[in-house]
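Structure below; questions to follow.
The values are calculated or read from the model by the stated rules, or taken from the named source; none is laboratory data. All values reported here derive from a predicted model rather than from experimental measurement. Neighbour counts are summed over all protein chains in view; Cβ atoms, including those assigned to glycine, are modelled from backbone coordinates with ideal geometry.
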């Protein structure tokens, strides 16, 4: 196989002296799909930008070693000379789209290259066809869904007919529907067009199914490399590096640890199902009586009551975001609010905290109409942490950032200081209290944003997509924090599309679709209802699907985690 | 700034060549800037109202424009009512100072002049996509880098507005409401919690956008291709002709009767 990309002993230092990449040696064959995994800050983005020459041509720094992209060293060429052959797609679909229609967005690069008009249109057609946006030519990119926007960005990169695509966490801002759309587009590009793809990604369950090879970066160094079935079954390594092991791989690894002999650990659901079938058929494992520890928690009185709430955005045309929504939340509950982007989750949250006023219906907090409270009174009762922590950080230090809200709600200086110290300790940011908020990592900034709301001691805490843009460790850290607060008595509402987190942390879910609540009940119940999840564009965790495939052998259909599945099995010695 | 933002549609104004719309605006601007006559401005406003209707721009938005400019109009009228040096006929007195009819008319005329200029802009911006505008600028041999900066800036205003709303909400959630502050408090410390994150986030967005633009071969070829083809049709000729005739007639009349800005009305 001819090599498309060769990286030799490549190291990179940013101007402030931070070394982002260390002695990277990596080749990519033509037609290969290589996925780079690693924590936030491991050097994934730097690697992507180095390959297309944006580093060091636009973002300078010190380099050692060499990169060879189809015979060219990116350092010696203008960025556009490299990106003619390598398309780049970035994480945030919003900021890489800058024209007013799908077609003009797609043709932008080809127009810049001065290609003949007919050829440009032909290429645009081809690119839109591949990403499945044919017929959207005249649409305004603003009106596309997240997945569509990211597919548009891919089409815009394809129009120069590159030999290779580089994608930096292309699904990190997307919901499960968007993620599936983007990844299946990449699969199609690889299989039908023979495209070489270099992608960075966290979602290990999804990438196992499309990647040819996986590279793991840690502190700028390649620490593991190989086929998905090798790398993603090295559960100890993944756990040590705080990366998410694929659930199927993790399940089989646990089985192996318990003495079940397995030649090769499966990582995809299909492989997993067929191995499971064999294990049951040969009687190597059998189902054991298992009841999940769902001791009924006693909740307090009703704290939030939503009755027949409707909300419509007065745009042209108007968008009905909430359609007759009703539910009740009791004190001490941990509720997940799930559904695809645009299903009305965020609008509902904003109504709950009074940022938006419903067109009709009632939202009561302990019996009092929420819209009658002032901003200050609301802040003391219900806290909402919005998605992007950077939209609120402005103080010169972590401490001041927390004091801001406390002063706004009119506390005495002593009380401000007391609560500030208490909450900093609670979220584990004590040692950073004098740092500038932007010196913190993204995960810690998120914690700071949560802390600044929690400090006001609201009775209810709502978190809107707390895991967006976070790596595996960040996701769990923030959810552990929520759980801890819940155990201390705070009522938690978590809006998310991270199904494994919903399964692990929440006791009850509201499933939303098209502005309506289509399911309201125990989490375990929701994951049994495939029809409901499908309607909401969601999928149960893979381990739940695997367990369900074994229902003939007496396995419960509502298994939510690897641990539960393992606990419902028994190993038999087979002679 | 939704009053200025492009709204998709297939009205006759949408179909006109952007250069035609640009010419119409320039003609209306020249006529309004040079003239100083209430009738002229009322005629121009009537013409613009017709264009708004043809472009399916809601006339309610004209009211929004007037509301936005109301403070300026009030200031014009009040200052001129009391201070206009040719003011002779008092309408009423405040603390012994006369408010004159001539001053009032001068203020109203000045306000109408501003209204003509401002309300002509949506005729272009509401009915023309940025890429068409860029395409027509290119035809006029304006360098692409310049027009691209303009287009991106227009795009960016939307984005900034969106980011600003997010920030305002985030701070509101911490009990911080700028709307509940008095003017002085707002000026002194009100905006820091809003503008600090705004600047940082906009810089971050701009930097990502810069990457995306570079990665898409911006500035690669001296001869850029434009796929949107802009033709002149009979409608373009009709529209330009109408505005040209109206403008020239009004200008001639005003020059003959001395009703131009250089000579103040007597």
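For every residue, the table says whether it meets (1) buried (at least 24 other Cβ atoms within 10 Å of the Cβ); (2) assigned to a helix (DSSP H, G or I); (3) away from chain B (no Cβ under 11 Å); (4) in contact with a helix residue (DSSP H, G or I) (Cβ under 8 Å, 6 or more places away or on another chain).
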{"position": "A:120", "(1), (2), (3), (4)": "no, yes, no, yes"}
{"position": "A:129", "(1), (2), (3), (4)": "no, yes, yes, no"}
{"position": "A:148", "(1), (2), (3), (4)": "no, yes, yes, yes"}
{"position": "A:155", "(1), (2), (3), (4)": "yes, yes, yes, yes"}
{"position": "A:161", "(1), (2), (3), (4)": "no, no, yes, yes"}
{"position": "A:170", "(1), (2), (3), (4)": "yes, no, yes, yes"}
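Follow-up. Among the listed residues A:159, A:231, A:131, A:216, which satisfies the condition of being at pLDDT below 90 and on the phi < 0 side of the Ramachandran plot?
It is A:131.
Moving on to the next point. Can you pull out the residues in segment A:80-89 that are within 7 Å of chain B (Cβ to nearest Cβ) and surrounded by fewer than 24 Cβ atoms within 10 Å (Cβ to Cβ)?
Hits for segment A:80-89 are A:80, A:84.
Something else now. If you take the residues in segment A:395-415 that are in contact (Cβ under 8 Å) with a residue 40 or more places away in the chain and part of a loop (DSSP other than H, G, I, E, B), which one is farthest from residue A:457 (Cα to Cα)?
Only one residue fits best here, namely A:396.
Tell me, yes or no, whether segment B:74-90 has at least one residue that is in contact with a helix residue (DSSP H, G or I) (Cβ under 7 Å, 6 or more places away or on another chain), in a loop (DSSP other than H, G, I, E, B) and free of Cβ contacts under 8 Å to residues at least 12 places away in the same chain.
Taking every residue of segment B:74-90 in turn, none turns out to be in contact with a helix residue (DSSP H, G or I) (Cβ under 7 Å, 6 or more places away or on another chain), in a loop (DSSP other than H, G, I, E, B) and free of Cβ contacts under 8 Å to residues at least 12 places away in the same chain.
For (1) surrounded by 19 or more Cβ atoms within 10 Å (Cβ to Cβ); (2) facing chain B (nearest Cβ under 9 Å); (3) in contact with a strand residue (DSSP E or B) (Cβ under 9 Å, 6 or more places away or on another chain), each residue gets a yes or a no:
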| residue | (1), (2), (3) |
| --- | --- |
| A:347 | yes, no, yes |
| A:353 | yes, yes, yes |
| A:360 | no, no, yes |
| A:363 | yes, no, yes |
| A:366 | no, no, yes |
| A:370 | yes, no, yes |
| A:381 | yes, no, yes |
| A:385 | yes, yes, yes |
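Does residue B:182 meet the test of being surrounded by 15 or more Cβ atoms within 10 Å (Cβ to Cβ) and under 30 Å from the mean Cα position of the chain (by Cα)?
It is false that residue B:182 is surrounded by 15 or more Cβ atoms within 10 Å (Cβ to Cβ) and under 30 Å from the mean Cα position of the chain (by Cα).
Hey, could you check segment A:12-30 for residues that are surrounded by fewer than 18 Cβ atoms within 10 Å (Cβ to Cβ) and touching a residue at least 60 places away in the same chain (Cβ under 8 Å) and say which is nearest to residue A:191 (Cα to Cα)?
Only one residue fits best here, namely A:30.
What about residue A:83, is it over 30 Å from residue A:146 (Cα atoms) and not assigned by TED's automatic domain parsing to the domain that holds residue A:441?
The answer is no for residue A:83.
Collect the residues in segment B:195-237 that are within 15 Å of residue A:120 (Cα to Cα) and touching a helix residue (DSSP H, G or I) at 6+ places or on another chain (Cβ under 6 Å), keeping them in residue-number order.
B:216, B:217, B:224, B:225, B:226, B:227, B:228, listed by residue number.
Can you give me the number of residues within segment A:460-476 that are within 14 Å of the chain's Cα centre (by Cα) and not in a loop (DSSP other than H, G, I, E, B)?
Adding up the residues that qualify gives 6.
Taking residue B:138, is it within 23 Å of the chain's Cα centre (by Cα) and more than 9 Å from chain A (Cβ to nearest Cβ)?
So residue B:138 fits the description; yes.
While we're on this one: Is it the case that some residue within segment A:410-424 is over 17 Å from residue A:470 (Cα atoms), touching a helix residue (DSSP H, G or I) at 6+ places or on another chain (Cβ under 8 Å) and within 12 Å of chain B (Cβ to nearest Cβ)?
yes
May I pose another question? Of everything in segment A:391-403, what is buried (at least 21 other Cβ atoms within 10 Å of the Cβ) and at the interface with another protein chain (Cβ under 10 Å from one of its Cβ atoms)? Give them in sequence order.
A:391, A:392, A:393, A:394, A:401, A:402
For (1) crowded, with 21+ Cβ neighbours inside 10 Å; (2) in contact with a strand residue (DSSP E or B) (Cβ under 7 Å, 6 or more places away or on another chain); (3) within 28 Å of residue A:329 (Cβ to Cβ); (4) modelled with pLDDT of 90 or more, each residue gets a yes or a no:
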| residue | (1), (2), (3), (4) |
| --- | --- |
| A:408 | no, no, yes, no |
| A:418 | no, no, no, yes |
| A:428 | no, no, yes, no |
| A:451 | yes, no, yes, yes |
| A:463 | yes, yes, yes, yes |
| A:482 | yes, yes, yes, yes |
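Taking segment A:275-302 as the region of interest, how many residues are in contact (Cβ under 8 Å) with a residue 24 or more places away in the chain, exposed (fewer than 11 other Cβ atoms within 10 Å of the Cβ) and not in a loop (DSSP other than H, G, I, E, B)?
0
If you check every pair at least six apart or on different chains, which have Cβ atoms under 6 Å apart with a residue in segment B:216-229 that is more than 7 Å from every other protein chain (Cβ to nearest Cβ) first and a residue that is modelled with pLDDT under 80 second?
B:228/B:131; B:228/B:132; B:228/B:135
When you check residue B:212 against the structure, is it within 7 Å of another protein chain (Cβ to nearest Cβ), assigned to a loop (DSSP other than H, G, I, E, B) and buried (at least 18 other Cβ atoms within 10 Å of the Cβ), yes or no?
no
Answer yes or no as to whether residue B:127 is within 25 Å of residue B:42 (Cβ to Cβ), within 14 Å of chain A (Cβ to nearest Cβ) and touching a residue at least 24 places away in the same chain (Cβ under 8 Å).
yes
Kindly establish whether residue B:69 is part of a strand (DSSP E or B) and either more than 31 Å from the chain's Cα centre (by Cα) or under 26 Å from residue B:119 (Cα atoms) (or both).
Against the criterion (part of a strand (DSSP E or B) and either more than 31 Å from the chain's Cα centre (by Cα) or under 26 Å from residue B:119 (Cα atoms) (or both)), residue B:69 does not qualify.
Return yes or no: is residue A:54 surrounded by fewer than 18 Cβ atoms within 10 Å (Cβ to Cβ), within 13 Å of chain B (Cβ to nearest Cβ) and either touching a helix residue (DSSP H, G or I) at 6+ places or on another chain (Cβ under 8 Å) or more than 30 Å from residue A:242 (Cβ to Cβ) (or both)?
Criteria not met by residue A:54.
Follow-up. What pairs come out if I take residues in segment B:168-188 that are more than 9 Å from chain A (Cβ to nearest Cβ) and pair them with residues that are in a helix (DSSP H, G or I) whose C-beta lies under 6 Å away, six or more apart or interchain?
Qualifying pairs under 6 Å: B:178/B:190; B:181/B:190.
From the list A:33, A:47, which one is closer than 17 Å to residue A:169 by Cβ, touching a helix residue (DSSP H, G or I) at 6+ places or on another chain (Cβ under 6 Å), assigned by TED's automatic domain parsing to the domain that holds residue A:172 and buried (at least 20 other Cβ atoms within 10 Å of the Cβ)?
The conditions single out A:33.
A further question follows. Residues of segment A:303-319 being surrounded by fewer than 15 Cβ atoms within 10 Å (Cβ to Cβ) and touching a residue at least 40 places away in the same chain (Cβ under 8 Å), which ones?
Passing the criteria: only A:308.
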